[in-house]
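These notes are about the structure you will find just below.
The values are calculated or read from the model by the stated rules, or taken from the named source; none is laboratory data. Model, not experiment: these values are computed from the prediction.
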Amino acid sequence: MKELNHKYRGIDRTTDVLSFPQHSAKVPKCQSAKANEKKVYGLWDYGTKELLLGDVVINLQAGKRQAPEHRLSFNEELRLLLVHGILHLIGYDHERSKYAERKMRIKERELLEYMAKSS
């Protein structure tokens, strides 16, 4: 993980999660919804409503170490890291500002609460 973090972010230390977007978070718009049903733009298929966001790489050792620090089980920590990574894929960035960090943390909490209710 340290090697990936250095190679892709220029940061020479390990991290708990990395996100690699497949494209920008913006989805192209088309003139009519009917036309969208049959067209494929890059990775967005309007017919199936599927979007390939990218890859999330989770450092399992960091997750195991952090779980007790966060008072979470290992699986709960992994869910947190996955949600965190996915939010980065859709454009959230906690490193941009305090406001952006707060906004991302709120969204993490919302999604984790939703997942807990759904399981």
Going by the structure shown, is residue 34 assigned to a helix (DSSP H, G or I) and at pLDDT 95 or above? no
Scanning the range 50-100 residue by residue, those among the aromatic types (Phe, Trp, Tyr) and in a loop (DSSP other than H, G, I, E, B) turn out to be 92
